[in-house]
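Report on one structure; see the data block that follows.
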Amino acid sequence: MKSIETKELITAIEELEKERGINKEYLLESLETALITAYKRNFDSAENVKVTMDSSTGDIKVYSVKEIVDEVEDETLQISLEEAKKKNKEAKVGDTVEFEIIPRDFGRIAAQTAKQVIVQKIREAERNMVFTEYNDRKGEIVSGIVQKADGGTVVLDLGRLEGIMLVKDQIPTEEYRVNDKVRAYVVSVEKGIKGAPQVLVSRSNPDFVRKLFEFEIPEIYEGLIEIKNVARDAGSRSKVAVYSTNENIDPVGSCVGQKGIRIQNIINELKGEKIDVIEWNEDPAIFISAALLPAQVMAVDIKEEERFAQVIVSDDQLSLAIGKAGQNARLAARLTNWKIDIKSESQFRELLEKQKDEQTVEGNE
């Protein structure tokens, strides 16, 4: 069964392979499967059908496939061994035999089915290409234009598809307006409804700050300075721990830049979010002291097994160490991954006096 349409179909399939990278054999297999369904639907057939399409000529053949049995119970699906041997002398029970059938007007049905399959496969291929492109950009920063911003989920036009920024991924202090240009961090790429790729982006993720540092600080991008950790209250304050194995490099100074110009570019992108850059140290006491900046720490008592640190600060530094609503202490704990208890010098003295009195009472008893 061959026609001008099927010849054109093969040409179209070959062009799709060249231009869009859609494998020809994959397309033909999909087409053959669709033609079986189309045949059964249009000819109300319960037969076990096989459809083949010649990859060079476009010649379509339809076969009825029957199982060879000793005793035929269903003539639509089965054939006796005696009848099968008329077609193939070596036939045996359990094998299958194929009979070519020439359904009336199947060429037109085949052409319509082919068009539908090709359109579907083109869409699938495009979705897969876009998915691969953006999946490779996971963990990167992308730019988009705000398409939708109604107080809930923000939708960004990223070019070939949309970026979804959920409420939890937005900076609470920011307002997003339609047509605003926004940069965001690609958190994940998923296949959504009907296989369409969906890019989830964030501006509140701590890794957004990490990536901005990579953009602005050449030494980080080149691997001379390492970002050890980032702790963040999006829109308010971030603490970034940096480290360099090169003794000639000042990791904090390099990140801040001359007159603060490097760090200022990041602050501007984050609409004024405060950023504390802290030098990481393998000694937890030194690292914890640095993490509590701008407060000045007097002493740190470490309990390694519990990852617990008792921190003592002067009375006038207590509120600064704890921070507004406990923010400074909370971010320091996240940055260092240690539990931190902060006490003023007076509180610590009172605690020692109380313990001393209790020990005295116990001794008298």
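The values are calculated or read from the model by the stated rules, or taken from the named source; none is laboratory data. From a predicted model like this one, the values you see are computed outputs, not experimental measurements. All Cβ positions, glycine included, derive from the backbone under ideal geometry; neighbour counts span all protein chains shown.
The figures follow:
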read-out	value
Any hit, segment 57-65, residues being closer than 21 Å to Ser30 by Cα, among the hydroxyl-bearing types (Ser, Thr, Tyr), assigned to a loop (DSSP other than H, G, I, E, B) and not assigned by TED's automatic domain parsing to the domain that holds Val178	yes
Test: residue in segment 176-193 that is surrounded by 14 or more Cβ atoms within 10 Å (Cβ to Cβ), under 30 Å from Asn281 (Cβ atoms) and at pLDDT 90 or above	yes
Pairs, first buried (at least 22 other Cβ atoms within 10 Å of the Cβ) in segment 227-239, second assigned to a loop (DSSP other than H, G, I, E, B), C-beta under 6 Å, six or more apart	Ala234/Ile171; Ala234/Ser204
Count of segment 287-322 residues which are crowded, with 19+ Cβ neighbours inside 10 Å and either of a type in the set (Phe, Trp, Tyr) or not in a helix (DSSP H, G or I) (or both)	9
Residue match in segment 139-160 (condition: touching a strand residue (DSSP E or B) at 6+ places or on another chain (Cβ under 6 Å), under 30 Å from Ala291 (Cβ atoms) and free of Cβ contacts under 8 Å to residues at least 60 places away in the same chain)	no
Residue match in segment 112-132 (condition: charged (D, E, K, R), surrounded by fewer than 14 Cβ atoms within 10 Å (Cβ to Cβ) and modelled with pLDDT of 75 or more)	no
In segment 160-176, residue farthest from Ser236 (Cα to Cα) [restricted to those that are in a loop (DSSP other than H, G, I, E, B) and in contact with a Gly (Cβ under 8 Å, 6 or more places away or on another chain)]	Glu174
